[in-house]
Every structure is written in C-alpha cells, then in structure tokens.
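Note sheet for the following structure.
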Amino acid sequence: MPKSFFTVQGRLPNAAIFLSGSGSNAETLLNTIKALPNPSLSIPALVTDAPLTSRARELGRMFNIPVIELDIKQFYLDRGETRVSIATPAGQRIREEWTNELRTLLAPLQLDFGIFAGFVPLTNITSDFSCLNVHPGDLTYIKNGRRLLVGLHTIPIELAILEGLDYMRSSVIVVEPYSGAGGEMDSGHLLGVSTKVPIDLMGHTREELAACIPLRPAKRPKSGYADALEEVAKANQNTLKEQGDWIVFPQAVLNFAKGCYSVADDGSLLFAGSKVQTVEYGKNSPANPFSL
C-alpha cells in the first residue's frame, strides 16, 4: 500500500513556515494561500531562529499569524559558544538541545508537516514530520549516480556554471535528517522542479569563472569568496528565486497539502498514484510529471 506523508481527518493539515531571513519565499507562499477561496492547508504559526534580524515578526503582523521565536545565536551564547556550528561535539550537543526546545514550542500546534522558507539551521525536527524545502539547484541532474547540484549558499549555481549548463532550476524536496555527512539533506524525495531558467554569465566566459576556484581559500570566509564566480552565481540566484522558487514552491506545497504525493512500497515517489521522478511546475502551465 502506498504510504502517505501525513494523515489528517476532519480538518485541514497544519503546516508551520520556518524562516531565518528576508522571508520572500514565505511571503510569496502566504500571498498565494491568502488568494485561494479554499486553501488546502492551515498555517498556525511562523517559526524563526533569528527573531531580531528576520522578517518573521513583520510577516506575522501582515498575515495575522503567531510567531514562534527561538534565537539560536543567543541559545549558543548562553551555553558558552560564540559560534553557531555543529562542527564540534559541543556544537552538536547544543543543536540537539535547541531542537528539543523547539519541539516543545511546536507541540501544541499538532503540525502535520513543515515548510522551510529560507530556514538556515540544520535541525533534526525533520525526523518528527516531513519538512519541505526549496533548493537553488536542479536535483534531477545526476552525475556519477548522485545529485550533483547540492550544497549551501551559491554552490549549486556555481556547480551548474562549471558543469557547462546553460540553465538552472529550483527544486522542492522533502528534507532528510542530518547525521554529519555532506549533502544528505538534499537527498530526499524530489517533489517538484521549476521550468528551466537561463544562466547569465554576465559577460564572463566559463573558463574565466572556473579560474576562480584554485584561488579560493580552503575554508569559505563568513562573508563569502567575493570573486567573479560567486558574484555571477549570486545574481543568477536572485533571478532563480523570482522565476523558479516563487513558481514551484507554492504549487508543490499546495499539492503536498492536498495529498497528491505519497510513497510506494519500494520507496519511489508517487504523484496522483503514479510513480514519478518529480513534477515540473511552470508559471502558466499545468503540473508535468517526470515519469520513471
């Protein structure tokens, strides 16, 4: 029997939106839901780890939604750590403590799933219920048997450029729990991808941009690499957010809430009962399943 991602009876599914920054994806989703005569989900709360710098409070006021705040920076500082990281055993322990406190705050909401809209902290709240995330990379692109365009910041777009691709896509995934291995959180079921968005090299050649890689320090600076490759990738990421994220994310979330997605006995993704690799969502086009 196919397995549903969640089960509800007699009510709309509850889904909190998690955000850490500008909340543009959250705002787009909330505006989409607000415009629907019969939404397929309820948003009982916004959740933020950065109450002082994110737009969670502003969005909460705009849409009359309660905000749950758990400041992760302050949480680490209160435990003697100035760096918010899971690179050390102490950092990992604090992250689990933070996650457990978050669980306590979320418990009254009876969430059926979560929506990560620019939510930065790695958290194994993803093992409690399904959490959807939008990713700035085409996760249908496979190389050596693995999804190539994974990673944080501008890395997926940089990889697409260096791979020689002339397009990019946004992808919506079910986030996997983390255990310390790289890229694993981008390995979950791929619910949807945007239509292709052209890459703009902004007057550079791929060779020029590739030449930035050997000049980079071993560890990414907190402010980024500040080279031509990162600059080009950031500009393309902004384009992808508008032409990719804001198209695919609301549609995939709403279809997920309607129960369109499930999992077959062999672990394959099902959309409307049929096995698929994923579903392509366009601005003015119907959902287009990629069949296996």
Quiz item: Among the residues of the range 261-271, is there at least one that is in a helix (DSSP H, G or I), in contact with a Pro (Cβ under 9 Å, 6 or more places away or on another chain) and touching a residue at least 60 places away in the same chain (Cβ under 8 Å)?
Solution: no
Exercise. Could you please find all residues in the range 95-115 being under 28 Å from Gly80 (Cβ atoms) and either touching a residue at least 60 places away in the same chain (Cβ under 8 Å) or in contact with a Ser or Thr (Cβ under 6 Å, 6 or more places away or on another chain) (or both)?
Key: Thr99, Leu106
Quiz item: What do you reckon, is Val120 in contact (Cβ under 8 Å) with a residue 24 or more places away in the chain and crowded, with 20+ Cβ neighbours inside 10 Å?
Solution: no
Quiz item: Across the range 123-146, which residue is nearest to Ala252 (Cα to Cα) among those that are in contact (Cβ under 8 Å) with a residue 60 or more places away in the chain and surrounded by fewer than 23 Cβ atoms within 10 Å (Cβ to Cβ)?
Solution: Ser130
Quiz item: In the list Ser4, Ser40, Ser54, which residue meets the criterion of being touching a strand residue (DSSP E or B) at 6+ places or on another chain (Cβ under 7 Å) and either at pLDDT below 95 or under 30 Å from Ser274 (Cβ atoms) (or both)?
Solution: Ser4
Quiz prompt | The lone exception for Gln251 - which of (1) within 21 Å of the chain's Cα centre (by Cα); (2) in contact (Cβ under 8 Å) with a residue 60 or more places away in the chain it fails | solution = (2)
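The values are calculated or read from the model by the stated rules, or taken from the named source; none is laboratory data. Fair warning: this is a prediction, and the values are worked out from it, not measured in the lab. Methodologically, a virtual Cβ is constructed for each residue, glycine included, from the backbone with ideal geometry; neighbour enumeration extends over all protein chains shown.
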